[in-house]
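Readers should treat all values here as calculations from the given coordinates under stated rules, not as data from a laboratory. Since this is a predicted model, take the numbers as computed values, not measurements. Please note: Cβ atoms are built from the backbone with ideal geometry, for glycine as well, and neighbour counts cover all protein chains shown.
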Amino acid sequence: MNIFLVGPMGAGKTTVGRELARRLKRHFYDSDREIETQSGVDIATIFEFEGEQGFRDREAAMIDKLTQLNDIILATGGGAVLRAENRVHLCGRGHVIFLDISLKEQMRRTNKDKKRPLLQTEDRYKTLQKLRQERLPIYQKMADFQVQTGQGNMRHVLQKVLHHCEQHHVC
């Protein structure tokens, strides 16, 4: 069964996803990296030339493609859940795990990041707060399992995810 990781930027989806895939001997994909590979440019450049709408169109096509694969681990971008078609593909084609993070820890992890187009604002905290308010109910509704990151190390988060997957025969 596919395992799809959703959650806000900086929650550790890629880090947890890579290690989860290694442990479960599955292929790992990061939807943002796959978009960059396919397009030949980074996400910031796509935002610059096509806007958020253009990026979201590319993201939806990539999520549709990747969720049709079998026995994969997929880390999605934080805003992937905004489109109904993505939610349908993620929920219908695999097990959704929501990696959550406190606003304070998210701020710390993304503070110096210049590659996230949505954070190129004067008030990053306010932006993150707004994104969280908008997306949190969606993440929670989609999730088969929710785990808090940012409290301790990634191994602890990984153990919780693995335990959940074993209990629910997802591994």
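Between GLU50 and GLN133, the contour length at 0.36 nm per residue exceeds the Cα-Cα span by 27.3 nm. Sequence-ordered 3J(HN,Hα) estimates for the stretch 72-80 from the Karplus curve with 6.51, -1.76 and 1.60 and θ = phi - 60° stand at 10, 10, 10, 9, 9, x, x, x, 4 Hz, glycine and proline given as x. Computed from phi, the 3J(HN,Hα) profile of the stretch 158-166 under the Karplus parametrisation 6.51, -1.76, 1.60 (θ = phi - 60°) reads 4, 4, 4, 5, 4, 4, 4, 4, 5 Hz, with x in place of Gly and Pro.
Taking other C-beta atoms within 10 angstrom as a stand-in for reagent exposure, THR67, THR121 fall in the order THR121, THR67, fewest first.
Within the chain, the cysteines lacking any other cysteine Cβ closer than 4.7 Å to their own Cβ are CYS91. Give LYS25/LYS104; LYS65/LYS130; LYS65/LYS126; LYS25/LYS126 a once-over and call out the pairs whose C-alpha atoms are over 31 Å from each other. Over 31 Å Cα-Cα: LYS25/LYS104; LYS65/LYS126; LYS25/LYS126.
Which value in deg cm²/dmol, rounded to the nearest 500, describes the helix-derived mean residue ellipticity at 222 nm for the chain, given -39,500 (n - 2.57) per DSSP H run of n ≥ 4 and division by the residue count? All intermediate terms of the calculation are to be shown ahead of the outcome.
Working: 7 runs with 96 residues, N = 171.
About -18000 deg cm²/dmol.
Scanning residues 5 or more positions from ALA75 or on other chains, those with amide H under 5 Å from its amide H are LEU5, TYR29, ASP30, SER31, with H placed 1.01 Å from N in the peptide plane.
Does anything in the stretch 5-20 have its amide N under 19 Å from the 7 Å Cα→Cβ label point of SER102, and if so which residues? In the stretch 5-20, the label zone of SER102 (backbone N under 19 Å from the point 7 Å along Cα→Cβ) covers 8-13. Legend: ranking of residues HIS89, HIS27 from fewest to most surrounding C-beta atoms inside 10 Å; resulting order HIS27, HIS89. Close amide H partners of ASP100, meaning residues 5 or more places away or on another chain with modelled amide H under 5 Å apart, are VAL147, GLN148, THR149.
Per residue, the convex hull around the alpha carbon atoms of the chain comes to 106 Å³.
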